[in-house]
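Everything on this sheet refers to the single structure shown next.
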Amino acid sequence: MFDDPQNVKRLLKIFFSSVIFLLILDIVYIFLSNAHVIHRHVNYKWEEFWGFYAFFGFVACVILVLVSKYVLRPLVKRKEDYYDN
Amino acid sequence: MTTNILPAFIFIIGGLLIPFFKGRAKTVYMLLIPVAGFINLLYIPFGDHFLVGFGEFKLVLLHIDRLSLLFGYIFHIISFITIIYILNFKNDVEYVAGFIYAGAALGAIYAGDLFSFFVFWEMLTIGSVMLIWARKTKAAQSAGFRYLMVHAFGGLVLFAGIVMHFTQTGSLEMLKITLTDASSYLIFFGIGINCAWPILHPWLTDAYPEATIGGTVFLSAFTTKTAVYALARLFPGTEALIWIGVGMAAFPIFYAVIENDLRRVLAYSLINQVGFMVVGIGIGTELAINGACAHAFNDILFKGLLFMSMGAVIYRTGKIKATDLGGLYKSMPWTTLFCCVGAASISAFPLFSGFVSKSMVMEAAAEGSHLVGQGSYVIVWLVLLFASAGVFHHAGIKIPFFAFFGHDSGLRVKEAPKNMLIAMGIAAFLCIFIGVYPKPLYSILPFQVDYHPYSIFHVLSQTELLFFSALAFTLLLLAGIYPSEIRALNVDSDWIYRKLGKTLYNTFDKVLNPLNTFCESIVMAVASSTARFFKDAGAKISLFVAVNFWLLAGYRDKRLEIKKQRLYNDILQGTLPAGIGAAVAITFVVLVYVLT
């Protein structure tokens, strides 16, 4: 199924379009809640910003990966038999 | 009144009888134990049962309230599922250890007093270490030994706390304790060790991945969750727990990203999930405690499911390192599917179980942050949101991706055995069922619930968070920045006792032992020369005095030598004429008299 690069490409396309779709949905949602069609319950002001959760999720994961790779790994990486001898 | 049976005894005694059954009867018997236990549980009324007088202590072996009942239900459910999962192993040690372990956990959560709680708490350690040793590899042996040491220490800390608490208050009741004096802190930290608090945590990531395939599933359910229960019972609303929980939720995800052993990745994410529960208990409002308990309930199921799917991978391929795996979806499609359900649940996708419980804790943190003096809860909320994105990243994507997709490792194996698939299927079903229809779960939480997870905003925001985390993963992977899995070991705080401890031991061995030998030789030299000196000191002093007299008297050469020899021998052998001895003594007395 995923051996065919065409399929992987197709999957990626679906994924990228759904990501964009979500951002569009967020605009619709903000529009509707501002028009008081839907009630919106938020705890913080910044939750109302367009794409706050999207931005947070993306940045959080990029930071997570970069810190793990460039800070944590050099600090803690040892050979697999480090404790054996 | 007590026609009921103690839930712990059903498991422990039932478990000990397993070796007497053979073949099919054994399978049926083992499955009946948790079923019988569950039915028994349904008929026990609320309140205290099995009151035992033990000297001056009043022990309550069975205390049933909503909190203990919730944990009891899920412990029975996961035992049932895990038993199905390990049916094909035909290993009595594992069966018996599993039941004793589960029974001990049940005993601990139903204990109505601190003493019986402690007894079952210690039993947990015994059951769990057997599950680690049952793997029978060298790594498992030493990891099990370290596990035992840490928990024996934790048990001692807890016991010291309980003893002090009893002498101060005269009570063993399991009531709320405030952190004021040494006894409360000892109990707090004793539980904290089992709860895998940061720095105290490495027993978990060290030992769990070394246990047997089924053992890890058992382990993931009981020890930490019993500790969560104990914190909810004894320390609800203790503010320190909020920050401890925040640490637990945050730091393991960094390790999980670079870890190669996939069961160890899950062990780190286990700490991360328990972090959410600990934060909830620390906040201590009804919503927060409910969230912590609901999340414990769900975590037992989805974490068990994830460990089961990884166990199936080990069972079929014999490998668990991300570097050795990949492309298994072709050979193990069902396992892949169940693993993805577990991954979606832990990541809190809408319609999966994590979605309906994790958000309760976050909501409680957000509500708390608006209260006076609790503004710092905003940080708690932000870190938990960060951890939510992170957990999807490592447990939600990394685990299925590296095991079942990713680069094709070329491994072609059979699908997992039927019993394993059934066990995973039940767990997966429950994860989705709770996610879609959370009402039954909410109805058994400690407090009345008025919480609705399925608001449009919650669904949309959570989906955004997860999809953009996935986007980050995808882009980083395509750009080649994502850290490639490498065969390596990542040191954690167990370094303190595994390396530093060893180094210290060796240093002491190299420095102190020669020092010791050196000091010993000095002492020996001084002592023996003193002894040699005093052996004939009297004779030598007398000779020194006498020789001067003899020289004055004109004795020379040979005669002098003879006289010297004779005096020396006489003094050593005590054969001096009595008169001389008396004269010396008198002279000495006179001298003393004159000089003083």
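The values are calculated or read from the model by the stated rules, or taken from the named source; none is laboratory data. The shown structure was predicted, so the numbers you read here are calculated from the model rather than taken from an experiment. Counting neighbours? That spans all protein chains shown, and the Cβs are built from the backbone with ideal geometry, glycine included.
Here residue B:330 fulfils each of the conditions (1) at pLDDT 95 or above; (2) outside any helix (DSSP H, G or I) apart from (1).
Against the test of being in a helix (DSSP H, G or I) and either among the β-branched types (Val, Ile, Thr) or at pLDDT below 90 (or both), the options B:86, B:44 yield a single qualifying residue, B:86.
Applying a threshold of 9 Å to beta carbon distances and a minimum spacing of six or more residues, or different chains, the list of pairs starting in region B:517-536 at a residue that is under 25 Å from residue B:568 (Cβ atoms) and ending at one that is among the hydroxyl-bearing types (Ser, Thr, Tyr) reads B:536/B:568.
Would you confirm whether or not region B:327-339 contains a residue that is farther than 30 Å from residue B:443 by Cα, among the charged types (D, E, K, R), surrounded by fewer than 20 Cβ atoms within 10 Å (Cβ to Cβ) and under 27 Å from the mean Cα position of the chain (by Cα)? The answer is no; no qualifying residue exists. Screening region B:412-496 for helices (runs of 4 or more DSSP H) wholly inside it with 1 or more residues that are within 30 Å of the chain's Cα centre (by Cα) returns the ranges B:418-436, B:439-443.
Within region B:128-143, is there a residue that is within 30 Å of residue B:49 (Cα to Cα), touching a residue at least 60 places away in the same chain (Cβ under 8 Å) and surrounded by 22 or more Cβ atoms within 10 Å (Cβ to Cβ)? The answer is yes; a qualifying residue exists.
Every residue, every condition in (1) surrounded by fewer than 24 Cβ atoms within 10 Å (Cβ to Cβ); (2) touching a strand residue (DSSP E or B) at 6+ places or on another chain (Cβ under 7 Å); (3) free of Cβ contacts under 8 Å to residues at least 40 places away in the same chain, yes or no:
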residue	(1), (2), (3)
B:233	yes, no, no
B:239	yes, no, no
B:248	no, no, no
B:258	yes, yes, no
B:267	no, no, no
B:273	no, no, no
B:277	no, no, no
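Answer with yes or no whether residue B:378 is surrounded by fewer than 20 Cβ atoms within 10 Å (Cβ to Cβ), part of a helix (DSSP H, G or I), β-branched (Val, Ile, Thr) and within 12 Å of chain A (Cβ to nearest Cβ). Yes, satisfied.
If you check A:36, A:41 for being more than 10 Å from chain B (Cβ to nearest Cβ) and either under 30 Å from residue B:366 (Cα atoms) or part of a helix (DSSP H, G or I) (or both), only one passes: A:36.
Of all residues in region B:17-27, those satisfying the criterion of being farther than 14 Å from residue B:82 by Cα and of a type outside the set (Gly, Ala, Ser) are B:17, B:18, B:19, B:20, B:21, B:22, B:24, B:26. Out of B:551, B:515, one residue alone is over 21 Å from residue B:573 (Cα atoms) and touching a helix residue (DSSP H, G or I) at 6+ places or on another chain (Cβ under 8 Å). It is B:551. Working only within region A:20-31, note down all residues that are more than 9 Å from chain B (Cβ to nearest Cβ) and either surrounded by 13 or more Cβ atoms within 10 Å (Cβ to Cβ) or in contact (Cβ under 8 Å) with a residue 40 or more places away in the chain (or both). Within region A:20-31, just A:30 meets the criteria. For region B:496-516, a tally of residues being away from chain A (no Cβ under 14 Å) and either surrounded by fewer than 10 Cβ atoms within 10 Å (Cβ to Cβ) or in contact (Cβ under 8 Å) with a residue 12 or more places away in the chain (or both) returns 0.
Mind listing whichever residues of region B:338-358 are assigned to a helix (DSSP H, G or I) and farther than 17 Å from residue B:315 by Cβ?
Within region B:338-358, B:340, B:341, B:343, B:344, B:345, B:346, B:353, B:354, B:355, B:356, B:357, B:358 qualify.
Within region B:174-196, the residues that satisfy the criterion of being touching a residue at least 60 places away in the same chain (Cβ under 8 Å) and assigned to a loop (DSSP other than H, G, I, E, B) are B:174, B:176, B:178, B:179, B:195, B:196. In region B:558-570, the condition of being exposed (fewer than 10 other Cβ atoms within 10 Å of the Cβ) and either touching a residue at least 24 places away in the same chain (Cβ under 8 Å) or more than 21 Å from residue B:535 (Cβ to Cβ) (or both) is met by at least one residue.
When residue B:520 is tested against the conditions (1) more than 12 Å from chain A (Cβ to nearest Cβ); (2) within 30 Å of residue A:49 (Cα to Cα), the lone failure is (2). Restricting attention to region A:44-72 and to residues that are of a type in the set (A, V, I, L, M, F, W, C) and touching a residue at least 12 places away in the same chain (Cβ under 8 Å), the residue that is nearest to the other protein chains (Cβ to nearest Cβ) turns out to be A:54. Scanning region A:1-14 for any residue that is in contact with a helix residue (DSSP H, G or I) (Cβ under 8 Å, 6 or more places away or on another chain) and exposed (fewer than 11 other Cβ atoms within 10 Å of the Cβ) turns up at least one such residue.
Screening the candidates B:437, B:454, B:482 for the property of being without any contact (Cβ under 8 Å) to a residue 40 or more places away in the chain and either at the interface with chain A (Cβ under 9 Å from one of its Cβ atoms) or touching a Pro at 6+ places or on another chain (Cβ under 8 Å) (or both) yields one hit, B:482. All of (1) modelled with pLDDT of 85 or more; (2) at the interface with chain B (Cβ under 7 Å from one of its Cβ atoms) hold for residue A:10 with one exception: (2).
When B:150, B:163 are screened for being in a helix (DSSP H, G or I) and either out of contact with any helix residue (DSSP H, G or I) (no Cβ under 6 Å at 6 or more places or on another chain) or under 24 Å from residue B:22 (Cα atoms) (or both), only B:163 passes.
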